[in-house]
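Reviewing the structure listed below.
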Amino acid sequence: STLGASAAERGGRYFGAAIAANKLSDSTYVTILNREFNSVTAENEMKWDATEPSRGSFNYTNGDRIANHAIGRGMKIRGHALLWHSQQPGWAQSLSGSTLRSAALNHVTQVATHYRGKIHSWDVVNEAFADGSGGGRRDSNLQRTGNDWIEAAFRAARAADPAAKLCYNDYNTDGINAKSTGIYNMVADFKARGVPIDCVGFQSHLSNSVPGDYQANLQRFANLGVDVQITELDISGSNQASVYASVVRSCLAVARCTGITVWGIRDSDSWRTGQNPLLFDSGGNKKAAYTSVLNAL
Ligand code: XIL
């Protein structure tokens with residue numbers, strides 16, 4: 001079987017990969033993509049710097065390449081990411097206050113409208129919480145526009161694409177810790193006040209181990225009434241195969257864990273250069289981690 005087909009048999013879940021538009025002409029890459037995966041995320045092509053290189057002027061060329069590849073083959077699309085402190089175009093980096101606020105919300109509206117009806121889940125806001133023990137927001141130009149910028153973004157995304165599931169996505173949130181608890185409190189508050197949020201993404205960039213409370217952490221978010229998704233999985237280290245299996249088993253054990261995305265296809269495609277954190281080697285061969293995942297599914 002394949003990753004996508006096996007995940008689909010497990011309660012209609014998806015198994016996805018982050019992909020790059022400029023690799024869609026690489027036949028080894030596309031063969032694996034089309035055989036194994038039933039969801040895609042644009043690794044960079046739907047980010048703010050790619051989609052709005054100058055203010056009010058939008059470029060969807062590479063994002064559309066990825067979307068069209070997926071739609072033509074019945075794959076789901078995770079939209080990534082509408083607002084983030086990183087990979088902002090230079091013009092946005094130089095704005096602040098109400099000017100940045102309206103430019104950011106316009107960006108959400110425009111991009112979500114362009115892809116309306118095509119996106120399974122949008123990462124509306126990416127990485128807005130700080131690392132460490134404080135449990136609060138990360139300082140960023142967006143955060144300095146007002147603490148309610150996140151809910152404003154979610155409301156704008158819902159208005160633009162009512163069918164898309166709207167996710168908050170972050171890293172170092174894989175166990176129960178101050179950062180994940182800060183996000184948990186935000187999601188609880190959004191649910192209590194009717195701010196539209198449907199899912200939380202756990203990037204899960206892991207190094208040789210997974211927190212013992214990984215499943216419990218997914219479950220506590222699910223208990224708030226949102227779906228949870230593993231959105232950018234990659235795992236370095238000698239325990240790679242067994243850690244991959246643990247992550248898969250944790251997702252399957254949580255009814256509202258609806259899918260898993262790995263952050264690239266072959267080790268040579270990974271942003272973690274030299275760490276070989278993915279399921280296929282640089283030649284496109286299945287690794288032990290691949291077999292471990294497939295057996296866990
Ligand atoms: C990474 C891409 O993989 C790289 O190609 C790019 O240079 C930087 O961004 N968290 C995220 C992703 O949400 O968007 C990041 O992707 C990896 C960390």
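The values are calculated or read from the model by the stated rules, or taken from the named source; none is laboratory data. All figures in this text were calculated on a predicted structure; none of them were measured in a lab. Cβ sites come from the backbone with ideal geometry, for glycine too, and all protein chains shown count toward neighbours.
On the basis of being away from the ligand (no atom under 16 Å from the Cβ), small (Gly, Ala, Ser) and under 29 Å from Tyr14 (Cα atoms), does Ala128 make the cut? Taking the combined requirement at face value, the residue does not satisfy it. Reported count of residues in segment 270-289, each being surrounded by fewer than 20 Cβ atoms within 10 Å (Cβ to Cβ) and under 18 Å from Asn34 (Cβ atoms), is 4. If you check Ala112, Ala104 for being of a type in the set (Gly, Ala, Ser), at pLDDT 95 or above, within 24 Å of Ser140 (Cα to Cα) and within 16 Å of the chain's Cα centre (by Cα), only one passes: Ala112.
Being outside any loop (DSSP other than H, G, I, E, B) and surrounded by 21 or more Cβ atoms within 10 Å (Cβ to Cβ) is the filter; apply it to segment 34-51 and report the residue that is farthest from the ligand (Cβ to nearest atom). So, considering only residues that are outside any loop (DSSP other than H, G, I, E, B) and surrounded by 21 or more Cβ atoms within 10 Å (Cβ to Cβ), the one farthest from the ligand (Cβ to nearest atom) is Glu36.
Residues in segment 130-152 that are charged (D, E, K, R) and surrounded by 12 or more Cβ atoms within 10 Å (Cβ to Cβ): Asp131, Arg137, Arg138, Arg144, Glu151. Of all the numbered requirements in (1) in contact with a strand residue (DSSP E or B) (Cβ under 6 Å, 6 or more places away or on another chain); (2) farther than 24 Å from Ala42 by Cβ, Val254 misses one, and that requirement is (1). Would a scan of segment 181-196 turn up a residue that is away from the ligand (no atom under 16 Å from the Cβ), in contact with an Asp or Glu (Cβ under 8 Å, 6 or more places away or on another chain) and touching a residue at least 60 places away in the same chain (Cβ under 8 Å)? Looking for residues that are away from the ligand (no atom under 16 Å from the Cβ), in contact with an Asp or Glu (Cβ under 8 Å, 6 or more places away or on another chain) and touching a residue at least 60 places away in the same chain (Cβ under 8 Å), one finds none in segment 181-196, hence no. Listed by first and then second residue, the pairs linking a residue in segment 68-93 that is buried (at least 24 other Cβ atoms within 10 Å of the Cβ) to a residue that is aromatic (Phe, Trp, Tyr) and not in a strand (DSSP E or B), with Cβ atoms under 7 Å apart and 6 or more places separating them unless they lie on different chains, are Gly79/Tyr115. Does Gly132 satisfy the criteria of being touching a Gly at 6+ places or on another chain (Cβ under 7 Å) and touching a residue at least 40 places away in the same chain (Cβ under 8 Å)? No. Using the structure shown, decide if Asp161 is more than 16 Å from the ligand (Cβ to nearest atom), in contact with a Lys or Arg (Cβ under 6 Å, 6 or more places away or on another chain) and either polar (S, T, N, Q) or at pLDDT 95 or above (or both). The answer is yes for Asp161.
Within the bounds of segment 155-169, is there any residue that is crowded, with 19+ Cβ neighbours inside 10 Å, part of a loop (DSSP other than H, G, I, E, B) and within 17 Å of the chain's Cα centre (by Cα)? Yes, segment 155-169 contains at least one residue that is crowded, with 19+ Cβ neighbours inside 10 Å, part of a loop (DSSP other than H, G, I, E, B) and within 17 Å of the chain's Cα centre (by Cα).
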